Amino acid sequence: MDKCALYIVRDQYSGAVKIGISKHPKKRLQQIADHYNVGRVSLLKTTWFTTRDTARSWESNFHKRYAANKSPEQGGREWFDLTDAQINGFIDWMEASTNKRAVKVVTVLASAWKSEQEIGKHRVQAFIGGTALAFFTGLIPALAFAFTDEPAAAFIAPAACGGAAVFGVSKKKEHSMTYGLDGQPIGSEVPEDQYRQMGLWKERYTSLEGIKPVGWELPKATTSESATRLYQQGH
């Protein structure tokens, strides 16, 4: 088989990492050190694929994911300035890919009452947004003028739409948080899309009963026992 590795290499001088592919990733280290503007480089992790095309596809996938973090100082297009959390998230994905290990997460949903200040703010936003949308589409002002033959109606009608939007503002707000089974929240550093593409993202949902009081928030982290229990209760 035409096996090929996806690798991540770190430049010990700048801390930037390179994501690339090679059939001989360890031998590639010296080539990287010679070819790029880097100091000593170290191989952090590899994951192997049965074909070069598959490895290249995942390389391109992650290059797009981290496109906003490109590091041009080292030369080339495969260097990125990533946080430790992003690097660890990528390495965790590589290990899951190698071992075909599914990542189990639970998304907890809950409703809570808004404060009076929040309700007021959202009503103002709804009025402004509804009025602006009705006015700038042009249809509402045109119809109002056509039916009344009054120029003022072209302004009153959009304001009426904004008033109607105010009544649609809910007094409740929805909360959601996704946790791993270790109880830690799943952040943006976790490559969720890539897990999903590999069929390794196992997510369940669970809803907390009742409407929570004003100011209530889901915990930033929980225990592994609680997360596991919620996962088992989920659907």
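The values are calculated or read from the model by the stated rules, or taken from the named source; none is laboratory data. The shown structure was predicted, so the numbers you read here are calculated from the model rather than taken from an experiment. Don't worry about glycine lacking a Cβ; one is built from the backbone with ideal geometry, like all the others, and counts go over all protein chains shown. Ligands, DNA and RNA are stripped out before the accessible areas are found, and what is left, the full protein with its side chains, is counted by its heavy atoms. Shrake-Rupley method; radii C 1.70, N 1.55, O 1.52, S 1.80 Å.
Of the residues Arg56, Arg28, Arg65, which is under 16 Å from Glu189 (Cβ atoms) and surrounded by 13 or more Cβ atoms within 10 Å (Cβ to Cβ)?
Arg65
Does region 73-92 contain at least one residue that is within 29 Å of Gln232 (Cβ to Cβ) and among the β-branched types (Val, Ile, Thr)?
Yes: one or more hits.
Look through Ser60, Ser111, Ser97 and report the one residue that is under 30 Å from Leu208 (Cβ atoms), under 26 Å from the mean Cα position of the chain (by Cα) and among the polar types (S, T, N, Q).
The match here is Ser111.
Residues of region 124-165 being under 29 Å from Lys212 (Cβ atoms) and surrounded by fewer than 17 Cβ atoms within 10 Å (Cβ to Cβ), which ones?
Once the filter is applied, which keeps residues that are under 29 Å from Lys212 (Cβ atoms) and surrounded by fewer than 17 Cβ atoms within 10 Å (Cβ to Cβ), region 124-165 yields Val124, Gln125, Ile128, Gly129, Ala164.
Which of (1) open to solvent by less than 40 Å² (accessible area, probe 1.4 Å); (2) in a helix (DSSP H, G or I); (3) in contact with a Phe, Trp or Tyr (Cβ under 9 Å, 6 or more places away or on another chain); (4) more than 30 Å from Lys64 (Cβ to Cβ) is the odd one out, the single condition His175 does not satisfy?
(2)
Arg123 is checked against (1) in a helix (DSSP H, G or I); (2) within 20 Å of the chain's Cα centre (by Cα) and fails just one. What number does that condition carry?
Evaluating Arg123 over (1) in a helix (DSSP H, G or I); (2) within 20 Å of the chain's Cα centre (by Cα) leaves (2) as the failure.
List, please: which pairs have Cβ atoms under 8 Å, are six or more places apart or on different chains, and start with a residue in region 163-187 that is free of Cβ contacts under 8 Å to residues at least 40 places away in the same chain and among the hydrophobic types (A, V, I, L, M, F, W, C) and end with one that is open to solvent by 80 Å² or more (accessible area, probe 1.4 Å) and not in a loop (DSSP other than H, G, I, E, B)?
Ala165/Phe127
Would it be correct to say that Gln74 is open to solvent by 30 Å² or more (accessible area, probe 1.4 Å) and out of contact with any helix residue (DSSP H, G or I) (no Cβ under 6 Å at 6 or more places or on another chain)?
Spelling it out, it is not the case that Gln74 is open to solvent by 30 Å² or more (accessible area, probe 1.4 Å) and out of contact with any helix residue (DSSP H, G or I) (no Cβ under 6 Å at 6 or more places or on another chain).
Taking the condition more than 25 Å from the chain's Cα centre (by Cα), open to solvent by 50 Å² or more (accessible area, probe 1.4 Å) and charged (D, E, K, R), does Glu189 pass?
No, not satisfied.
Residues of region 215-230 being assigned to a loop (DSSP other than H, G, I, E, B) and open to solvent by 50 Å² or more (accessible area, probe 1.4 Å), which ones?
Answer for region 215-230, where residues must be assigned to a loop (DSSP other than H, G, I, E, B) and open to solvent by 50 Å² or more (accessible area, probe 1.4 Å): Gly215, Trp216, Glu217, Pro219, Lys220, Thr223.
Checking Glu95 against (1) open to solvent by 80 Å² or more (accessible area, probe 1.4 Å); (2) outside any strand (DSSP E or B), which single condition isn't satisfied?
So Glu95 meets the others, but not (1).
Quick test for you: out of Val103, Val124, pick the one residue that is more than 30 Å from His63 (Cα to Cα) and of a type outside the set (Ser, Thr, Tyr).
Only one candidate passes the filter, namely Val124.
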